[in-house]
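**Student:** One structure follows; several queries about it will come next.
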Amino acid sequence: MSCARTHAKVCMAVAMALCVVSVVCAKKQPPVLQFSSPAPVLMGQPIPFTLTSPETPLAEVTVTLNVVNGNATIKNNTAVLDAKVKVNHTFIATSTVVGETTFNLSADSSDKRYTVPVPGITVSVVKSTTVVTINAIIGWVYFLAWSISFYPQIWVNYRSKCVIGLNFDFLAFNITGFLGYSIFNIGLYYSSSIQQEYFAKHPGATNPVQVNDVIFAIHAFVLTLVTIVQCFFYERGSQRVSKIGLGILSILWCFALVSVILAGTSVITWLRLLDFIAYIKLTVTIMKYIPQAYMNYRRQSTVGWSIGNVLLDFTGGSLSILQMVLQSWNSNDWSVFFGDPTKFGLGLFSILFDVLFMVQHYVLYPAKEGASVQDATAPLIYQVDSTHGDDKEA
């Protein structure tokens, strides 16, 4: 008797375990229906949606293609899939308005495999596919220009084994800014929930962050970190981060920390957090060049500050803004300038300061042939004596 009861309990436990597993599996069951569409497409051109399935339906399935967001018309948006017949159907949609249009599928059938929700598809409707190609090329060119721009300064430091002439406030602002820029780009490019918030805020808009933006931000952060490491090993004189710089950075970091806490406790959205981080990066971009420009003025020299960095930075900033203008025109969506203020601000202020640096280097303080960092040491570093507040030249 006891054996029978034990056997019954085991069977019951196994049955319950199987039920739990089946429920879990059911919740995680992937959709059987699959649909795809080319992107981007020209305004007014047919948008084909190919409906397929790796399995054959056991019962008749009624499928409807819906417009979730945007402006589009669908010819015969409902289709009936026969039972025991391989799924192969094409819906045709058309949009006469440029921008982002989102579609999804709904299905009704006694074969419950086919009623599992299918992720929607967002199609970019543009004025010109040629501009899309040009924009992609521009994106990678400015990515290369901006990315390579970090290497000349690293090489100058390595060759001279000296970082005198490179302002430490500039580096401190730079590492903070590119950390924030990396977080912003990664969040908006990879997080589907943040993207949903963004598109809800900007209906019909396109994602302002591209994959090259993500790669550039991470690459810039790493190389800025390399430059900072060089400052610990190479001759730097008495240079240090100024108290004013430390004060400003402390405020920015505290603001970022409070924003993260507010987002983590759902007081603000994660998209709002990224907006705050973008404003931090924009603030850093506006301020970071000022210490370097002032140091060049005090020294009456740009020796030790790589002009190659400036020229490549100028190229990258110009192409970045050109890409945004072309993208906005092509999708009739100028909100990209406000959706990604960091990218626009980064390009604009980089251009303005790069022009100033070029004027300093080629017009105001042209370096003599064969000049070295050690030749430009009078005055070399501008500091403020914290005790007396007097200007001091080291």
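**Student:** List the helices (runs of 4 or more DSSP H) that sit entirely inside the stretch 133-212 and contain at least 2 residues that are farther than 26 Å from Asp275 by Cα, at pLDDT 90 or above and not small (Gly, Ala, Ser).
**Tutor:** Helices (runs of 4 or more DSSP H) meeting the threshold: 150-160.
**Student:** Given Ile280, Ile286, Ile261, which one is among the hydrophobic types (A, V, I, L, M, F, W, C), in contact (Cβ under 8 Å) with a residue 40 or more places away in the chain and open to solvent by 40 Å² or more (accessible area, probe 1.4 Å)?
**Tutor:** Step by step, each of Ile280, Ile286, Ile261 is checked, and only Ile286 is among the hydrophobic types (A, V, I, L, M, F, W, C), in contact (Cβ under 8 Å) with a residue 40 or more places away in the chain and open to solvent by 40 Å² or more (accessible area, probe 1.4 Å).
**Student:** So how many residues does the stretch 318-375 have that are at pLDDT below 75 and of a type in the set (Ser, Thr, Tyr)?
**Tutor:** Counting residues in the stretch 318-375 that are at pLDDT below 75 and of a type in the set (Ser, Thr, Tyr) gives 3.
**Student:** Collect the residues in the stretch 307-327 that are crowded, with 23+ Cβ neighbours inside 10 Å and more than 20 Å from the chain's Cα centre (by Cα), keeping them in residue-number order.
**Tutor:** Val310
**Student:** Consider Ser328 carefully, then state whether it is of a type in the set (Ser, Thr, Tyr), assigned to a helix (DSSP H, G or I), out of contact with any Lys or Arg (no Cβ under 9 Å at 6 or more places or on another chain) and over 18 Å from Phe353 (Cα atoms).
**Tutor:** Yes; evaluated as a whole, the condition is true for this residue.
**Student:** Still on this structure, please answer the following. Out of all the residues in the stretch 221-244, is one or more in contact with a Ser or Thr (Cβ under 9 Å, 6 or more places away or on another chain), open to solvent by less than 20 Å² (accessible area, probe 1.4 Å) and hydroxyl-bearing (Ser, Thr, Tyr)?
**Tutor:** no
The values are calculated or read from the model by the stated rules, or taken from the named source; none is laboratory data. Note that the structure is a prediction, hence the values are computed from the model and not measured. Methodologically, a virtual Cβ is constructed for each residue, glycine included, from the backbone with ideal geometry; neighbour enumeration extends over all protein chains shown. Each accessible area value is taken on the protein alone, full model and side chains, heavy atoms only, with ligands, DNA and RNA left out. Shrake-Rupley method; radii C 1.70, N 1.55, O 1.52, S 1.80 Å.
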